[in-house]
Amino acid sequence: MKNRWNYWILFVFFSGGAVREVVTKLILDVYPPEVVSTVAALIAVISVMLFYLSGKQRYKNASREENWTASVVVWMGALSLSTASAVFFGNIAIDRIGPLAFKLVDVIVYPLSLSFLAFLILREMIARRVIVSTLIALVGFYVFYADRITELTLGWAGMAAGGLSAVSYAISLMIVKRLLSQNIIPEKIVAARFLLLSLCAFFVVPGKSFEFSWQTGFLLLLLGILGYAGLFTMFFYGVKEIPATTVNVFVASTPLFSALFSWLLLPDVRYSVVEMIGLLIIILALGYMLVVRDPSQTSPPSREKPMDSKSAGFLVK
């Protein structure tokens, strides 16, 4: 399959996102969520720029191909704003309706808005293989959470905030694809994405009182360097040569990644028969996505979270 390697990069990204989710839960036992999200973003910006500057010679050829214009700078600012907006509305949604209802809203609104925006902005026709795989994964998603439907807390304000968060995430991916189409180096895009959120750390942290822990501080450092800077750099390299709508399949498949790494990293994690069936359906969806060829895909590639109530809002897509 063309660009198969890029799909495996997405697989690694979402798998790493599941580990990031578990690590974040551990950090939240010590630090408040607004501190974790802003400080991790600040660490990500600093680390990715240090990595770029330390090996600037390595990027010499790539830098020559960058097409810097005034509009690119504007898109960079818009990316930073859309990411901060997604985190902000996500936190509101989780506070109002809880993490489960937020996930159920997000997994519907995000693929729909991403597909619409990809067609409107990138003129990208969604492939039949992606549609089928996404629908299968969504079935698995809802089967996995079927036993927890009674835990749902609904409210118009929270659901609206969850929808705005999902749309903001979709917009950010469209901006990323636009910047990649101008050959902007992915490390610079990562720095731009987290810039506004990182600046909030200078306002949030001084107003919070908490006890510093060396162990948790080290985990926070890893979260910013690897969970944010490292994974998103990899993601942007991977998504450059494939359709944006491919991400829909992996978003609907997040229970598989979360379940696997929660089972590996957290003690006493068990899954019911219904949950296992849901995971098997998701595996089928990913297998279909990676194996089946799609003769209907004629358009060329465009150039361009189980979590607790505290953690779900700032785990960035």
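Residues of region 48-72 that are closer than 13 Å to residue 184 by Cβ and open to solvent by 90 Å² or more (accessible area, probe 1.4 Å): 64, 65, 68. Within region 196-214, restricting attention to residues that are at pLDDT 90 or above and over 17 Å from residue 227 (Cβ atoms), the residue that is most open to solvent (accessible area, probe 1.4 Å) is 202. Each residue in region 119-150 was checked for being among the hydroxyl-bearing types (Ser, Thr, Tyr) and surrounded by fewer than 22 Cβ atoms within 10 Å (Cβ to Cβ), and 3 pass. Candidates in region 21-51 are the residues that are among the hydroxyl-bearing types (Ser, Thr, Tyr) and modelled with pLDDT of 90 or more; of these, the one that is nearest to residue 200 (Cα to Cα) is 38.
Does residue 265 meet the test of being at pLDDT 90 or above and open to solvent by 10 Å² or more (accessible area, probe 1.4 Å)?
Details: at pLDDT 90 or above: no; open to solvent by 10 Å² or more (accessible area, probe 1.4 Å): yes.
Taking the combined requirement at face value, the residue does not satisfy it.
If only residues of region 178-216 that are outside any loop (DSSP other than H, G, I, E, B) and of a type in the set (Ser, Thr, Tyr) are counted, the one that is farthest from residue 24 (Cα to Cα) is 181.
The set of residues from region 63-96 being acidic (Asp, Glu) and at pLDDT below 90 comprises just one member, 95. Cβ-Cβ contacts under 7 Å between residues 6 or more apart (or on different chains), taken from a first residue in region 100-115 that is over 13 Å from residue 134 (Cα atoms) to a second residue that is open to solvent by 10 Å² or more (accessible area, probe 1.4 Å) and modelled with pLDDT under 90, are listed as 100/148; 100/151; 100/152; 101/152; 101/153; 101/154; 103/305. Put simply, of 190, 204 the only residue that is of a type in the set (Val, Ile, Thr), touching a helix residue (DSSP H, G or I) at 6+ places or on another chain (Cβ under 6 Å) and over 24 Å from residue 18 (Cα atoms) is 204.
Kindly indicate the residue of region 151-175 that is over 17 Å from residue 248 (Cβ atoms) and touching a Lys or Arg at 6+ places or on another chain (Cβ under 6 Å) and also least open to solvent (accessible area, probe 1.4 Å) among those meeting that condition. The extreme case among them is 158. Checked against (1) part of a helix (DSSP H, G or I); (2) under 19 Å from the mean Cα position of the chain (by Cα); (3) surrounded by fewer than 20 Cβ atoms within 10 Å (Cβ to Cβ), residue 241 meets all criteria but (1).
Looking across 219, 260, one residue alone is modelled with pLDDT of 90 or more and either part of a helix (DSSP H, G or I) or among the β-branched types (Val, Ile, Thr) (or both). It is 219. Residues that are in a helix (DSSP H, G or I) and of a type in the set (Phe, Trp, Tyr) within region 124-165 comprise 141, 142, 144, 156, listed in sequence order.
The values are calculated or read from the model by the stated rules, or taken from the named source; none is laboratory data. This is a predicted model, so every value here is computed, not measured. FYI the Cβ positions are ideal-geometry reconstructions off the backbone, even for glycines, and counts take in every protein chain you see. Accessible surface areas use protein heavy atoms only, side chains included; no ligands, DNA or RNA. Shrake-Rupley method; radii C 1.70, N 1.55, O 1.52, S 1.80 Å.
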